[in-house]
1. So which residues in the stretch 58-68 are among the hydrophobic types (A, V, I, L, M, F, W, C) and in contact with a Leu (Cβ under 6 Å, 6 or more places away or on another chain)?
2. Could you check how many residues of the stretch 73-90 are acidic (Asp, Glu) and part of a loop (DSSP other than H, G, I, E, B)?
3. Give me the residue from the stretch 33-62 that is of a type in the set (Val, Ile, Thr) and assigned to a strand (DSSP E or B) and, out of that set, surrounded by the fewest Cβ atoms within 10 Å (Cβ to Cβ).
4. Here are the criteria: (1) open to solvent by 20 Å² or more (accessible area, probe 1.4 Å); (2) of a type in the set (A, V, I, L, M, F, W, C); (3) at pLDDT 90 or above. Tell me which single one VAL137 does not satisfy.
Amino acid sequence: MIILYAIIGLIVLAVVVANLYLAAAGKEEIVVDTSAPFEVEKKDDESIVISKKLAYRNEGKQCATIMDAIVRPQLPYEQYDGIEARGKMDRELYPRETKDGASGRRIHREDDYFEAVILEKKGSASKEDKLNLYALVQLKARKGMKLEEALTKMVDVPLDIIWQETGRTPWHYRKVQVILSAGEIAKLAGVTLKLD
C-alpha cells in the first residue's frame, strides 16, 4: 500500500513540476498596432488600392507563427453597390530600388498567397520579434461609373483583418477590425463626398 501511495505522490509531483515549468516558460503573445494611417498604393480611372500598415510584435516568451492572414472588406451591395471592394494581406518585402539607388515603394506579391512567418520571442537576439503586415483593399468602380463618380457616394468600409497563429498555444484565428471611413477614402482619392 505504501508503494502505491509513493507512486501516486510521484505522479502528482511530476504533474506539478511540469505545470510550473510550462507556466515559467510562457507562451507566445502577439500584439497588433493598427494606428498607422491609410495610404494610396496606386490609382487609375477605374480603381484605387489603399493600404494600412499593421505592426505585429511578439510580447511572449515563446516563438509564434502567423500561418495565414486575410483582409475581408465588409461592403455588401445592399449598403452600396457602386464599388466592388476586395482585400488581401501582404508581408512587408524588400523595398524596390530606384534607378538612382534610393529605396522606393515596397514590393507586394502579385498573387493573394500569404507566406507564413515566424515571430521570435520578445527580446530575441535576432530582433525578429516585430513584423509589418499590410492590409490592402482595392476599391473598383461598378455599373459603368468612373472611380471618382462612384466614390462621391461612398460609405464607410469596415475591414476585418483575420490571421491564423500558433506557438505553444494550438493554432487559432484572431481578428481586429479597422474602419476605412468614407471621408478618409474621399481624401485619399481626391474627391468630395455628396451628402444625400
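1. As a first pass, look at the stretch 58-68 and keep what is among the hydrophobic types (A, V, I, L, M, F, W, C): 63-64, 66-67.
ALA64 - this is the single residue of the stretch 58-68 that is among the hydrophobic types (A, V, I, L, M, F, W, C) and in contact with a Leu (Cβ under 6 Å, 6 or more places away or on another chain).
2. Within the stretch 73-90, the first condition is being acidic (Asp, Glu), and the residues that meet it are 78, 81, 84, 90.
Applying the additional criterion that residues be part of a loop (DSSP other than H, G, I, E, B) yields 78, 81.
Here the count works out to 2.
3. Within the stretch 33-62, the subset of a type in the set (Val, Ile, Thr) is 34, 40, 48-50.
Okay, now just the ones that are also assigned to a strand (DSSP E or B), so 40, 48-50.
Numbers: VAL40: 13, ILE48: 24, VAL49: 18, ILE50: 24.
So the residue we want is VAL40.
4. Of the numbered conditions (1) open to solvent by 20 Å² or more (accessible area, probe 1.4 Å); (2) of a type in the set (A, V, I, L, M, F, W, C); (3) at pLDDT 90 or above, the odd one out for VAL137 is (1).
The values are calculated or read from the model by the stated rules, or taken from the named source; none is laboratory data. What you are looking at is a predicted structure, and each value in this text was computed from that prediction instead of being measured. Reconstructed Cβ throughout: ideal geometry from the backbone, glycine too, with neighbour counts over all protein chains shown. Only protein heavy atoms, including side chains, enter the accessible area calculation; ligands, DNA and RNA are left aside. Shrake-Rupley method; radii C 1.70, N 1.55, O 1.52, S 1.80 Å.
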